[in-house]
Amino acid sequence: MAKTIAVSDDVYEMLSKAKMKDESFSDVIRRLLRRQNISDIPKILEDNEAEKIRELIERQKEADLKRLKELL
């Protein structure tokens, strides 16, 4: 059963930007309310922003491994 809800213009705009091809607004809300995975970030961010984040995460992983090896 469907329900009607009201959202402000700025929220509608954000949902529209987060919406993927062939995805309903219900699907968008459901996806966004789920715990986010890093794999969901490119769907929300611009490609260049997502790539920068991927690079930062990879550098942090490398630094973490290096530090762990130093501690062992």
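Derivation of every value follows stated rules applied to the coordinates shown; laboratory data play no part. No experiment lies behind these values; they were computed from the predicted model shown. Here Cβ is always computed from backbone atoms with ideal geometry, including for glycine, and neighbour counts include all displayed protein chains.
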For SER24 and GLU46, what is the calculated FRET efficiency with R₀ set at 25 Å and r taken between the beta-carbons, to the nearest 0.05?
-> 0.60
Convex hull volume per residue for the chain, taking Cα atoms only, in Å³ | 128
Residues LEU15 and LEU72, FRET efficiency given R0 of 35 Å [Cβ-Cβ distance, rounded to 0.05] = 0.15
Based on DSSP H runs of at least 4 residues, each adding -39500 (n - 2.57), what is the mean residue ellipticity at 222 nm of the chain after dividing by all its residues, to the nearest 500 deg cm²/dmol?
-> -20500 deg cm²/dmol
